[in-house]
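Written below as structure tokens is the structure these notes are about.
The values are calculated or read from the model by the stated rules, or taken from the named source; none is laboratory data. Everything quoted here is computed from the prediction, not taken from an experiment. Cβ coordinates were reconstructed from backbone atoms using ideal geometry, including for glycine residues, and neighbour counts include every protein chain displayed. For the accessible areas, the whole protein counts, side chains as well, though only heavy atoms, and no ligand, DNA or RNA atoms are used. Shrake-Rupley method; radii C 1.70, N 1.55, O 1.52, S 1.80 Å.
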Amino acid sequence: DEDKEEEFKQNYEEYNDLMQMCMELHGILIKLYRVKIEKFIINNIAPFFYKSIMRASSSEFEILYCVCFFDDLLEFGSQEVFNKAFPEIAKKFLSLTENQESDDIIQSIGYGFGVFAMKADKAAFAPFKSSILQFIAKTVSASDAFSEEKAVSTECVVGALGKVGLYQYDSNDGVSQEALVKFVELLPLKNEPEEAQNVHRLILKEILNKNQVLVSQGAEFQHKLEQAIGRIKETFNKNPELEILDDEGALLLQSVLGSSS
């Protein structure tokens, strides 16, 4: 009846609120106090989110909170935990991309793929690389990829593209160079300050550190990279309200420009 339906809705909303709070608190704690609380999280909190993400009947919000939970756990948790959890979570994330209509879930999965690219060794990442790049290509090439509604989500996926290109590069696979070129062509990111700042810091640091993947590319790529740095500079100077660089990023940009002059 109507009373039971209303009670269910209220309880369900409270459940979602609790799940969201747990996810957000976990992200803060695992980042700040990993050594002290990682074991507790693995034994007492992770199983709940694991069951939820694997359950076919989970709602869109439940899936989103679970994806965010595992993004944080695999990014800020120990390498040992990452190595154990990564293969199964990567498979699940890929399955969730199929016919996925939620931009928030796509954004969070895209972020997770970037984490996987940075923390997985190449042998572990290899079975997922092609499928991840296919998802990225489909996302960034959609006709409405950079529309007002989808730009934030898409740019998070662009960040993942860069991390795959930089940290999972294989000169023999035929797709790594294409991924790296596409990433550089899509810079700068403009629609979500935190993601833009993180990605721009990353590429600027790798340039200054003479990342061998970047250094080994030919003249055409080097020209595209210079153009990307120029666009980052122009956007930062002309549109400060976009906040595409934080203070550290601005200093890194100055160093990159100084080293190339």
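Suppose we keep only residues that are hydroxyl-bearing (Ser, Thr, Tyr) and touching a helix residue (DSSP H, G or I) at 6+ places or on another chain (Cβ under 9 Å) within the stretch 42-61. Which one would you say is modelled with the highest pLDDT? Quick ask: steps written out before the conclusion?
Applying the first criterion (hydroxyl-bearing (Ser, Thr, Tyr)) to the stretch 42-61 yields 50, 52, 57-59.
Now drop any that are not touching a helix residue (DSSP H, G or I) at 6+ places or on another chain (Cβ under 9 Å), which leaves 50, 52, 58-59.
Working: 50: 95, 52: 92, 58: 90, 59: 89.
Of everything passing the filter in the stretch 42-61, 50 is modelled with the highest pLDDT.
Considering 180, 208, which residue is over 15 Å from residue 110 (Cβ atoms) and open to solvent by 20 Å² or more (accessible area, probe 1.4 Å)? I'd like the intermediate steps shown before the answer.
Working: 180 fails: open to solvent by 20 Å² or more (accessible area, probe 1.4 Å).
One residue alone meets the criteria, 208.
Does at least one position in the stretch 77-84 carry a residue that is under 14 Å from the mean Cα position of the chain (by Cα), at pLDDT 95 or above and surrounded by fewer than 22 Cβ atoms within 10 Å (Cβ to Cβ)?
No, that holds for no residue.
Select from the stretch 128-171 the residues that are among the aliphatic types (A, V, I, L, M) and open to solvent by less than 20 Å² (accessible area, probe 1.4 Å) and list them in ascending order. Give the steps one after another, and end with the answer.
Of all residues in the stretch 128-171, those among the aliphatic types (A, V, I, L, M) come to 132-133, 136-137, 140, 142, 145, 151-152, 157-158, 160-161, 164, 166.
Across the stretch 128-171, the qualifying residues are 132, 136, 140, 145, 151, 157, 158, 160, 161, 164, 166.
I need the full set of residues from the stretch 104-127 which are open to solvent by 40 Å² or more (accessible area, probe 1.4 Å) and either modelled with pLDDT under 95 or within 14 Å of residue 63 (Cα to Cα) (or both), in order please.
Correct list: 104, 107.
Please work out if residue 72 is open to solvent by 30 Å² or more (accessible area, probe 1.4 Å), within 17 Å of residue 136 (Cα to Cα) and at pLDDT 90 or above. Give the steps one after another, and end with the answer.
Values: open to solvent by 30 Å² or more (accessible area, probe 1.4 Å): yes; within 17 Å of residue 136 (Cα to Cα): no; at pLDDT 90 or above: yes.
It is false that residue 72 is open to solvent by 30 Å² or more (accessible area, probe 1.4 Å), within 17 Å of residue 136 (Cα to Cα) and at pLDDT 90 or above.
Can you tell me which residue among 215, 184 is among the hydrophobic types (A, V, I, L, M, F, W, C), under 25 Å from residue 126 (Cβ atoms), without any contact (Cβ under 8 Å) to a residue 60 or more places away in the chain and out of contact with any Leu (no Cβ under 9 Å at 6 or more places or on another chain)?
On the way: 184 fails: out of contact with any Leu (no Cβ under 9 Å at 6 or more places or on another chain).
Answer to the check: 215.
Taking the criterion of being buried (at least 18 other Cβ atoms within 10 Å of the Cβ), farther than 18 Å from residue 116 by Cα and of a type in the set (S, T, N, Q), would at least one residue in the stretch 185-197 satisfy it?
Scanning the stretch 185-197 turns up at least one residue that is buried (at least 18 other Cβ atoms within 10 Å of the Cβ), farther than 18 Å from residue 116 by Cα and of a type in the set (S, T, N, Q).
Here is a list of conditions, (1) open to solvent by 20 Å² or more (accessible area, probe 1.4 Å); (2) in contact (Cβ under 8 Å) with a residue 24 or more places away in the chain, and residue 67 meets all of them except one; can you say which number that is?
(1)
Given the structure, is residue 10 under 21 Å from residue 102 (Cα atoms), modelled with pLDDT under 90 and open to solvent by 50 Å² or more (accessible area, probe 1.4 Å)? Full working, then the answer.
Details: under 21 Å from residue 102 (Cα atoms): no; modelled with pLDDT under 90: yes; open to solvent by 50 Å² or more (accessible area, probe 1.4 Å): yes.
When the stated conditions are applied, residue 10 does not pass them.
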